[in-house]
Structures are given as C-alpha cells and as structure tokens.
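Okay, structure first, notes after.
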Amino acid sequence: MPAVMTETKSRSATLPRVLIVDDEPDLRELISDLLPRHLQCQVSTASSIAEARAVIAAGPIEVLVADLNLPDGDGLSLLTALHDRQPSSTGIIMTGQPSVGGAINALRGGAVDFIPKPFTAEQIIDRIRNAVDLQAEFARRERRLDRLHDAVGRLNRSRKMISKKVDLLCNDLIGAYDELSKQMEVVRYEEGFRKHIAKADDLEQFLCHAMDWMLRQIGYANVAVYLSSDDGAFQLGAYMKYTIVGDPAITDVIKRVIVPMASKAGIIRIDAKDLADRMTPAELARFKGQDIIAANCTYLGESLASLVFFRDSRSPFTDDDAPLLKQIAPIFAVELASIVREADDEADEAEGQTPFDKADFDGDTKEPEDKPRKRKTDPADWWKRGETPPF
C-alpha cells in the first residue's frame, strides 16, 4: 500500500497543472469536471485576480485559463505574473465580449489562444490540450537551453582552466629556455676562453692571450695579474696600462688591499666609497673615481692568481662582467697550473740531460748546436709587443 501511494504521488507531481480563473462558479466547475476525464492534468480554480495570484505564488502552473474581465482586474495581468515566475508556461484568454483588438492584445500579452464565450466542452478541452502540448514543448526547449547553457559554462570553465595550465606550461618553457640559453652562453664563453689561451706556448704568452680575451669581453681597462709564489704570497705577473701607469705605488696598493679582498670573497666589485674604509687618503687618491672588479683564481682549493681590472667610474663595469670573470677564473687557474707544471718538467729534464742524450743512431756523439726556435706571431701578443689593441 505505501508503494502504491508513493507511485500515485510521483505520477501526480509530473502531471501538468492547469489554473482556471473565472468569476462564474458554474463555468469553473464545468471545466474542472471535464478536464480530468479527457486530459491527464491537475486542475486548480480561482474567482479573482487576488485568488489566482495566491495560487501562482504557491506552486508551478503550466497552463493558465483566465477570463479577460475579472471583478478585480484584467486577466492578462495574471499571464504576465505567471511568465515572470515560469517562462515556459502558456495561457488562454476567455471573454464574453470578443473582438479583433482584444484577441490581438491577448496574443501580444503572451497568450497562445483566445477563445470567445460561449464555447462547447469539446472546444475548451481541445484548446487546453493544445496549450498543454505547447507548454510541454516550451519546457523541453527550456531544459535543452538550460543544458546547453550548463555545457557552455562547463566548457568555459574547462577552457579557462586549460588556458591557465597552458599559460603555466608556457611560462615554465620560457623559464627553461631562458635558463638553457644562459647555460649555453656560459658554455660558449668558457669554450671561447679555453680555445683562446690554448695557443699559448709559455707563461708569458698565456698571460697575453688571457688578458687579450678578457679585455675583448669587458672593454678597455687597466689590468693587473698577480701570481701566487711558493711561499703563498702574491707577486705581480703582468700589468697593462690603460689610463694609469703601473708604478710600484699603484701595484703595491693593489697587492695589499684589493688582492686579499678578492682572495677572501672570490669575486669583488667595488667603487671609491667601498675603498674609503680600506685605504689611507694617499692610497685612495691614486684610485679616485675608479670602478674596480677583481677575481680570485683557485685550483684544487689553492689560490694561484688574482685578476684585477679598474677604470674610470664614468665607464663602469656592467652587471655581466663580474659573473664572466667568476666563470673563467677556474679555467685560468687550471691552465696556469698546467703551464707551470710543464715548465717545471722541462727544467727537470734539462737538468738531468747529458751530451750523449741527443746522439743519433749512427753513433754520432757530437752535441748539436742549439738553434733558437722562432715563435709564430700571434694577434693576441699585441700587448707584449707594445702595439695598439686590435679591438
């Protein structure tokens, strides 16, 4: 029994609801009795605008059948109120004073039919059946439109989410590309420096080539290269003048003040203000208005050299110059260690050599005369030859 009641209640809830509004009780009763016999629907009635509005406010109404002239107002106003609450609803207007103008106004007001009084039972039932069918079609269209709006909304949300993910992916790719470009730039600089200094035959030419390459990258500057000696102290290995002569007063200050700073920090970028706390007024006067950059070159944890560059602060070093020196400093140290080691090996070999070590296989023990080896001219040796920089 409870199951039957539930099924009846569920089926009743799906039936179209028809509201009959007329001030004639007999007409309301007639239509209320006829409709359930010929059409599966629920019927409600009202005798005035006020009663009808109360029924409309209480629950959904699919079809409204209202008299045009009611005691408290125009029946068309009910159709407007119903459409505001339920856009898919339909309405039929009845009137005992039919006219073309009244029919046009009813249709313009949203009615789907206009029926004059008196009418037969078949006429009113057919008209209401048509209105119910139209309302069902309107409701289906409205549901399809709602589903379409919902689908479009989901698509838009998905599109926005995908767009955000694509933006994040693009940003990640851009970041990865930038990072890769930087790494490639690092490799390019390192390989360029290695190839440039690999042509050097000895320490002197190595220093020439190294300074030549570095000045091509950071521009004209005064350069001082300090090399570590056996006792760990730094000695001046090379100096190139751009604007300031490398006299002992200058090179001694660099050795005592700037080189220790570079050895401790690895790479430094300082100006006159930074030097004021570390130099005496006399020393500071020699570096007045100078922009300084220096790098410590280490090999297996040991400081082998310091590279010091300085020039007028009106042409300061760029933000890329310090990272560049830091980047090539280890390469400089490795190559320096290799050249020093080769020089030591050659010295040891020469020290243990006898006149017969150079004899040929014919038994000729005559010691060959030493012939001076002619070194090829290299563009990077312009500094040693006292020439104008080629760049």
Residue that is farthest from A333 (Cα to Cα) [pool: residues in segment 218-248 that are at pLDDT below 90 and out of contact with any strand residue (DSSP E or B) (no Cβ under 7 Å at 6 or more places or on another chain)]: D231
Within segment 53-74, the residues that are under 19 Å from Q135 (Cα atoms) and more than 60 Å from the chain's Cα centre (by Cα) are V65, A66
Could we say that L39 is under 20 Å from G96 (Cα atoms), assigned by TED's automatic domain parsing to the domain that holds H83 and surrounded by 15 or more Cβ atoms within 10 Å (Cβ to Cβ) here? no
Going residue by residue through segment 135-146, is there one that turns out to be surrounded by 10 or more Cβ atoms within 10 Å (Cβ to Cβ), at pLDDT below 85, under 25 Å from N69 (Cβ atoms) and polar (S, T, N, Q)? no
Yes or no: I328 under 38 Å from the mean Cα position of the chain (by Cα) and within 24 Å of R188 (Cα to Cα)? yes
Do you know which residues across segment 308-344 are outside any helix (DSSP H, G or I), surrounded by 14 or more Cβ atoms within 10 Å (Cβ to Cβ) and modelled with pLDDT of 90 or more? V308, F309, F310, R311, D312, P316, F317
Of all residues being part of a loop (DSSP other than H, G, I, E, B) and touching a helix residue (DSSP H, G or I) at 6+ places or on another chain (Cβ under 9 Å) in segment 202-245, which is surrounded by the fewest Cβ atoms within 10 Å (Cβ to Cβ)? Just the residue, please. A233
Only residues that are at pLDDT 85 or above and among the β-branched types (V, I, T): list them for segment 154-196, please. I162
Selection from segment 267-307 of residues that are in a helix (DSSP H, G or I) and small (G, A, S): A272, A282, A285
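The values are calculated or read from the model by the stated rules, or taken from the named source; none is laboratory data. Just so you know, these numbers come straight off a predicted model, no measurement behind them. All Cβ positions, glycine included, derive from the backbone under ideal geometry; neighbour counts span all protein chains shown.
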